[in-house]
Amino acid sequence: MTYLHLFIAFFFPNILAYGGGPSAIPLIEHEVVEKYEWMSKTEFSELLALANSLPGPIATKMAGYIGFEVAGVLGSIVALFATIAPSLALMLLLLNLLHKHRNSPRVKRLSSFVLPAIAVLMLSLSFDFLQTSYKHNNWIPTVLLVIASYFALEKFKIHPAFVILAGLLIGGLFL
């Protein structure tokens, strides 16, 4: 029954909250502090401060912690799933709708507007990674990793996950 309560405590606030974690926090607080009494207001406030100071979405960090405190690792998994389930379901529904109408001129026009924006965002992200690598590792290792990654991806057709893993290992061991 605890797992069901965990699921409900995080599923409904995330369905009702518009805008993600910050708007869901008062609803989660109501469930966790007042309804199920898993935490006091002080504990919840401290958790909120900690979750806010760490990178990533607030609601998922809080769900993972509260789920773990209430029911261990499985409780953490249940609370995390309940937090992302509304977005996941909506995303699958919308992707199914887009796939169904993929030949529509409107969908093609939408794609023609969205794809360049995604490319620019990815380019900006890559540039930021290069700058960070240059600052921490100098330019020779950075250039060598970029060239090695290019050949691994384009010439040898190695899966990107393995190239990323290799880059992490090389960076952790040698740089």
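The values are calculated or read from the model by the stated rules, or taken from the named source; none is laboratory data. As the structure is a prediction and not an experimental result, all values here were calculated from the model. All Cβ positions, glycine included, derive from the backbone under ideal geometry; neighbour counts span all protein chains shown. The protein model used for the area step is the full one, side chains on, heavy atoms only, and it has no ligands, DNA or RNA in it. Shrake-Rupley method; radii C 1.70, N 1.55, O 1.52, S 1.80 Å.
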> Can you pull out the trypsin sites (Lys or Arg not before Pro) in region 72-175 that DSSP calls coil and that have at most 13 other Cβ atoms within 10 Å?
Replying inline: 102, 157
> Per 5 Å bin, what percent of the C-alpha pairs of region 1-93 does each bin hold, from zero upward?
Replying inline: 3, 16, 28, 28, 18, 5, 1, 0
> What's the extension gain from residue 16 to residue 1 if we count 0.36 nm per residue and subtract their Cα-Cα distance?
Replying inline: 3.1 nm
>> How large are Rg and Dmax for region 22-66 when calculated on the C-alpha trace, in angstrom?
In response: 9.6, 28
> Which of the listed residues, 114, 87, 161, is farthest toward the dipole's positive end in the chain, when Lys, Arg count +1 and Asp, Glu count -1 at the beta-carbon?
Replying inline: 114
> Between residue 157 and residue 45, what is the label-to-label distance in nm when each label sits 7 Å out along the Cα-to-Cβ direction?
Replying inline: 6.0 nm
> Which semi-axis lengths, in whole Å and largest first, follow from the square roots of five times the eigenvalues of the Cα gyration tensor of region 133-175?
Replying inline: 19, 12, 6
>> Counting pairwise Cα distances across the chain, what percent come out greater than 24 angstrom?
In response: 59 percent
> What number comes out for the charge environment of residue 102, summing +1 per Lys or Arg and -1 per Asp or Glu over other residues with Cβ under 14 Å away?
Replying inline: +4
> So, with a 1.4 angstrom probe, what is the percent of accessible area on region 56-95 that is carbon and sulfur?
Replying inline: 82 percent
> Which of the listed residues, 25, 45, 15, is farthest toward the dipole's positive end in region 3-51, when Lys, Arg count +1 and Asp, Glu count -1 at the beta-carbon?
Replying inline: 15
> Can you list the HN-Hα couplings for region 87-95, worked out from phi with the Karplus curve (6.51, -1.76, 1.60; θ = phi - 60°), rounded to whole Hz and with x for Gly and Pro?
Replying inline: 5, 5, 5, 5, 5, 5, 5, 5, 5
> About the Cα centre of the chain, what is the dipole size in debye to 20, counting +1 per Lys and Arg Cβ and -1 per Asp and Glu Cβ, all else neutral?
Replying inline: 1100 debye
> In region 59-121, what is the volume of the convex hull around the alpha carbon atoms, normalised per residue and reported in Å³?
Replying inline: 100 Å³
